[in-house]
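Working notes, beginning with the structure itself.
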Amino acid sequence: MTDATIEAAEAALARGDAAHAATLAMALCRQRPDIPDGWYLLGLAEAAAGRIARALPLVQRAVTAAPTPQRLAQYARLLSLGRRDGEAGRTARAALALGPEDAYSLDTIGCVLARLGDHEGSFGAFAAAVDRAPSDTGFRFNLAAACGFTGRVAEAQAHYEALLAREPGHARAHYALAIAKRHTATDNHVDRLEAVLAGTTDMLDQMRLRYALAKELEDMGRDAAAYTHLATANSARKQHLGYDFATDAALFDAIETAFATDGLRGAGLAGPAPIFVVGMPRTGTTLVDRILSSHPEVGSAGELQAMPLAVKEAAGTRSRIVVDAATIRASLGADPAVLGARYMERATPHRPEGKARFVDKLPANILYVGHILHALPQARVICLRRHPMDTVWSNYKNLFALSSAYYFYSNDLMDTARYFARFDRLMAFWQRRFPGRILELGYEALVADQEGETRRLLDHCGLGWDARTLAFHENQAAVATPSAAQVRRPINADAVGRWQVHAEAMAPVRRFFETQGIAVD
């Protein structure tokens, strides 16, 4: 009876019937509360229904009774979903140390480690999963991504191709191959991409394929064709999202109003001095992160959600949106020292070991500069600036995380221009509000005078000069952003002025900036 119930609950979970799985698991818990299987399956059923807070103690009970690799892997996954990153990392590594034999557990462990930024650790777990289940395209995609993040570019490409041999329409793999390197007239995937696109009906997959085509066509100098694909993909995405810039405008208004006078009241957390690299995306934030993390005293923690989540927790607003006008207003009642401590608690599991300082390079932290400088008064903030027209174009042509509301503006050139104008105004506001606390670093200036601007950067961060920061492209640490390929090459001016190729399409953006008093010449 017990074994049959367990098998039936597992089968229900496998086919996505969380409600029936929960019913069976609950019956098992009542009949045999002494065995962990019922609690474990009930926890998985709750998680499948989206109730992570209810799932965690149930799975924890099963893990405490019998800490198998499979249960530990799932517990680590739930801890990660519950934003309990430190516990998630420890649990995932404990599961790996027990030597799981099944590919699913290994892949789950790899996913947890990847979310924590431990891409080298995730590579080993994903490789073991693929070794045990070589035909599973999901496992192989994760391994290919880990290879790309850790600089194993040729291996990544080989794994993506092996995946596509089994699943030719896998749009995410096609896009990953497109951004992995520069393409030429004799070395590209354009014909294959066009054939796959013609047979694809899913809107998100069409978007990924069009972005892949745009990237390869741009590499080949076929700029008009590249723009056509971008415009088609972005137009469909904006319509699907129903995005309205007024939402972001209200957020910017709320931030400026909240910090116009005192902002948060009280002393912040003394001691820690993290380095925040902020700004519009695609403006050189990853480049600066690599420069800083090439210094022997500094490690990169990646793009952390630690400050947004700490502010959301402090605000106590009930919306599912991490940042909105109501959350900003409510957060003003937070104790800055407590906010700083909550940030450090969330950031610490992502810090590289053996480094005195760390970089948090989430570009969207530009929205939280007021919180950062109140809560962490010794923190350093660097804001990247890039030519306004190049910034708009680079945002428009980049495929950001599809689920992140931070980047919804980027599917329309004029929305992106409006966002830039408000970012520009907010940056001027922060400079007035916190004079001398924020270093603005120009991408073009860094390209033109790498050593001079790097010295200025290090000085602002309180770091001594180290020539290794000039060889950032030799940095072996993992990088998991769209700039991964670029930052493994020496600094160059290839991206400067790229918007001019699309001057006609960008003309409305130029006129808008002129009306806003934003210099574009």
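The values are calculated or read from the model by the stated rules, or taken from the named source; none is laboratory data. Because the structure is predicted, anything quoted here is derived from the model rather than measured. Heads up, the Cβs are rebuilt from the backbone with ideal geometry, glycines too, and the neighbour counts pull from every protein chain shown. Note: areas computed on protein heavy atoms with side chains; ligands, DNA, RNA excluded. Shrake-Rupley method; radii C 1.70, N 1.55, O 1.52, S 1.80 Å.
Just a yes or no: is a residue in region 284-293 in a loop (DSSP other than H, G, I, E, B) and either among the hydroxyl-bearing types (Ser, Thr, Tyr) or over 20 Å from Val447 (Cβ atoms) (or both)? No - not one qualifying residue is present in region 284-293. A single member of Glu46, Glu7 is part of a helix (DSSP H, G or I) and open to solvent by 60 Å² or more (accessible area, probe 1.4 Å), and it is Glu7. Taken over region 153-168, residues that are open to solvent by 60 Å² or more (accessible area, probe 1.4 Å) and under 21 Å from Glu474 (Cβ atoms) amount to 2.
Within region 350-387, the set of residues being open to solvent by 50 Å² or more (accessible area, probe 1.4 Å) and either within 12 Å of Leu304 (Cβ to Cβ) or touching a His at 6+ places or on another chain (Cβ under 7 Å) (or both) comprises Arg351, Arg380. As a summary of the residue check, Asp262 satisfies the conditions (1) of a type outside the set (A, V, I, L, M, F, W, C); (2) in a helix (DSSP H, G or I); (3) out of contact with any Asp or Glu (no Cβ under 9 Å at 6 or more places or on another chain) except for the one numbered (2).
Only one of (1) under 25 Å from the mean Cα position of the chain (by Cα); (2) at pLDDT below 95; (3) open to solvent by 40 Å² or more (accessible area, probe 1.4 Å) fails for Ala273. Which number is that? So the condition that Ala273 fails would be (3).
From Arg329, Arg342, grab the single residue that is more than 13 Å from Leu376 (Cα to Cα) and open to solvent by 50 Å² or more (accessible area, probe 1.4 Å). Before the answer, list the steps.
Numbers: Arg342 fails: more than 13 Å from Leu376 (Cα to Cα).
The conditions single out Arg329.
Which number in (1) under 16 Å from the mean Cα position of the chain (by Cα); (2) farther than 15 Å from Ala379 by Cβ marks the one condition that Leu362 misses? Just one mismatch for Leu362, condition (2).
Residues in region 68-84 that are farther than 19 Å from His350 by Cβ and among the charged types (D, E, K, R): Arg71 alone. Has region 307-321 got at least one residue that is over 20 Å from Tyr419 (Cα atoms), touching a residue at least 12 places away in the same chain (Cβ under 8 Å) and in a loop (DSSP other than H, G, I, E, B)? For region 307-321, residues over 20 Å from Tyr419 (Cα atoms), touching a residue at least 12 places away in the same chain (Cβ under 8 Å) and in a loop (DSSP other than H, G, I, E, B): present.
Here is the figure for region 118-139: residues that are under 21 Å from Arg93 (Cα atoms), open to solvent by 30 Å² or more (accessible area, probe 1.4 Å) and modelled with pLDDT of 95 or more total 5. Of the helices (runs of 4 or more DSSP H) entirely within region 61-128, those holding at least 1 residues that are in contact (Cβ under 8 Å) with a residue 24 or more places away in the chain and of a type in the set (Phe, Trp, Tyr) occupy 103-115. Could you tell me whether any residue of region 195-209 is part of a loop (DSSP other than H, G, I, E, B), open to solvent by less than 50 Å² (accessible area, probe 1.4 Å) and at pLDDT below 95? Scanning region 195-209, I find no residue that is part of a loop (DSSP other than H, G, I, E, B), open to solvent by less than 50 Å² (accessible area, probe 1.4 Å) and at pLDDT below 95, so the answer is no.
Taking region 253-267 as the range and being crowded, with 16+ Cβ neighbours inside 10 Å, of a type outside the set (A, V, I, L, M, F, W, C) and more than 27 Å from the chain's Cα centre (by Cα) as the test, only Gly263 passes.
Kindly provide the set of residues from region 10-19 that are of a type in the set (Asp, Glu) and open to solvent by 70 Å² or more (accessible area, probe 1.4 Å), ordered by number.
Kept after step one, since they are of a type in the set (Asp, Glu), are these residues of region 10-19: 10, 17.
Hit for region 10-19 is Glu10, nothing else.
Residues that are aliphatic (A, V, I, L, M) and either assigned to a loop (DSSP other than H, G, I, E, B) or open to solvent by less than 70 Å² (accessible area, probe 1.4 Å) (or both) within region 20-43 comprise Ala21, Ala22, Leu24, Ala25, Ala27, Leu28, Ile35, Leu41, Leu42, listed in sequence order.
Selection of first residues in region 46-59 that are at pLDDT 95 or above and of second residues that are of a type in the set (A, V, I, L, M, F, W, C) and open to solvent by 50 Å² or more (accessible area, probe 1.4 Å), restricted to Cβ pairs under 7 Å at least 6 apart or on distinct chains, gives the following pairs, ordered by first then second residue: Ile52/Leu81. Gly316 meets all of the listed conditions (1) at positive phi; (2) under 16 Å from the mean Cα position of the chain (by Cα) but one, namely (2).
Taking region 73-102 as the range and being of a type in the set (A, V, I, L, M) and open to solvent by less than 20 Å² (accessible area, probe 1.4 Å) as the test, the residues that pass are Ala73, Ala76, Leu78, Leu79, Ala88, Ala92, Ala95.
Tell me, which residue of region 345-388 that is charged (D, E, K, R) and part of a loop (DSSP other than H, G, I, E, B) is modelled with the lowest pLDDT? First the steps, then the outcome.
Start the filter on region 345-388 by keeping residues that are charged (D, E, K, R), which leaves 345-346, 351, 353, 355, 357, 360-361, 380, 385-386.
Retained after the next criterion (residues that are part of a loop (DSSP other than H, G, I, E, B)): 351, 353, 355, 361, 386.
Details: Arg351: 90, Glu353: 87, Lys355: 93, Lys361: 96, Arg386: 96.
In this case the residue turns out to be Glu353.
Beta carbons closer than 8 Å, at least 6 apart along the sequence or on distinct chains, pair a first residue in region 495-513 that is on the phi > 0 side of the Ramachandran plot with a second that is open to solvent by less than 30 Å² (accessible area, probe 1.4 Å) and of a type outside the set (Gly, Ala, Ser) for Gly497/Asp390.
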